[in-house]
């Protein structure tokens with residue numbers, strides 16, 4: 001496989017493809033993760049996200065295409081690249097009878113790049129970073145799901161990492177555990193690391209990611225800054241009024257579509273209609289307006305606009 005051209009972006013793929021016999025799991029994707037970004041690798045379960053991540057990390061071979069991590073070709077440069085990359089793929093796996101600290105100690109001892117003289121201080125620093133220092137002596141089997149996910153992230157922080165690749169880091173967590181992991185990812189990015197977060201949970205991606213890549217049926221259908229992807233989606237407006245039927249009729253006459261009314265408001269897709277035309281027409285029709293807003297498209301709206309299909313928001 002020919003090496004990808006080195007670039008400032010920590011993750012680049014060109015034509016990356018993976019076929020399992022006659023099934024194409026990943027179909028010629030050109031991924032680019034900007035430096036310092038929290039990149040949301042978004043898509044339904046089965047869309048090819050985990051397969052892509054496994055190829056990035058050299059866990060499985062690609063059928064075709066090129067991969068560059070941290071400016072070096074993969075998998076040929078795996079020995080020099082992967083020590084600079086932390087990862088969590090398909091959930092954490094630790095010894096249940098050992099404490100959190102002991103589990104990290106075993107992992108650190110197995111890392112030929114780590115310094116045994118600094119092991120204790122680095123383990124404590126990693127545990128403190130994820131909020132587990134107070135539970136360091138507790139056995140792993142007594143950890144909650146959120147604690148287990150945070151311990152897995154701590155394992156990726158035992159050595160300095162320039163890139164973190166986290167596959168479904170909030171999978172199966174309760175709301176509190178989800179918040180903990182979300183805040184941790186934001187903190188890591190704030191310290192300068194680039195973070196690639198794979199998720200099928202739109203709300204989570206919406207809250208923590210600066211950039212997004214959307215996978216659908218093995219294809220990367222869009223990627224870029226989240227605000228730019230939103231800008232490509234049809235905007236909606238909401239009018240708060242006690243005469244929603246009359247307001248809806250005015251919006252329809254202006255050319256707005258997908259008009260939905262409730263007891264105290266009406267929403268509609270703006271389309272090509274100039275937003276400044278709406279209020280004068282409502283006033284002219286003597287429709288009382290208590291509130292007016294241009295609604296920011298949700299990630300679900302973006303996904304539907306790209307694929308024509310809905311998305312399981314809750315996962």
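The values are calculated or read from the model by the stated rules, or taken from the named source; none is laboratory data. Computed from a predicted structure; not experimentally measured. Note: ideal-geometry Cβ built from the backbone for every residue, glycine included; neighbour counts use all protein chains shown.
Structure notes:
- Selection from region 265-311 of residues that are in a loop (DSSP other than H, G, I, E, B) and within 14 Å of residue 214 (Cβ to Cβ): 297, 298, 308, 309, 310, 311
- Verdict on residue 128 being farther than 28 Å from residue 52 by Cα, in contact with a helix residue (DSSP H, G or I) (Cβ under 7 Å, 6 or more places away or on another chain) and assigned to a helix (DSSP H, G or I): no
- Any chance residue 247 is under 30 Å from residue 183 (Cβ atoms), touching a strand residue (DSSP E or B) at 6+ places or on another chain (Cβ under 9 Å) and not in a loop (DSSP other than H, G, I, E, B): no
- Restricting attention to region 166-213, the residues that are in contact with a strand residue (DSSP E or B) (Cβ under 7 Å, 6 or more places away or on another chain), farther than 9 Å from residue 38 by Cα and surrounded by fewer than 20 Cβ atoms within 10 Å (Cβ to Cβ) add up to 0.
- Residues (surrounded by fewer than 18 Cβ atoms within 10 Å (Cβ to Cβ) and not in a strand (DSSP E or B)) located in region 231-244: 231, 232, 234, 235, 242
- Output for region 274-297, where each listed residue is in contact with a helix residue (DSSP H, G or I) (Cβ under 7 Å, 6 or more places away or on another chain) and closer than 27 Å to residue 223 by Cα: 294, 296, 297
- Where residue 154 falls short, out of the listed (1) under 21 Å from residue 99 (Cα atoms); (2) in a loop (DSSP other than H, G, I, E, B); (3) modelled with pLDDT of 85 or more: (2)
- One residue from 114, 47, 61, 76 being in contact with a strand residue (DSSP E or B) (Cβ under 8 Å, 6 or more places away or on another chain) and either part of a loop (DSSP other than H, G, I, E, B) or within 30 Å of residue 222 (Cα to Cα) (or both): 47
- Filtered residues of region 45-61 (kept if farther than 20 Å from residue 9 by Cα and either at pLDDT 90 or above or surrounded by 15 or more Cβ atoms within 10 Å (Cβ to Cβ) (or both)): 47, 48, 50, 51, 59, 60, 61
- Matching entry among 89, 81 (being under 27 Å from the mean Cα position of the chain (by Cα), in the same structural domain as residue 56 (by TED's automatic domain parsing), in contact (Cβ under 8 Å) with a residue 24 or more places away in the chain and surrounded by 12 or more Cβ atoms within 10 Å (Cβ to Cβ)): 89
- Residue 261 vs. criteria within 30 Å of residue 174 (Cβ to Cβ), within 37 Å of the chain's Cα centre (by Cα) and not assigned by TED's automatic domain parsing to the domain that holds residue 199: no
- Flag for residue 196 being in contact with a helix residue (DSSP H, G or I) (Cβ under 8 Å, 6 or more places away or on another chain) and modelled with pLDDT of 85 or more: yes
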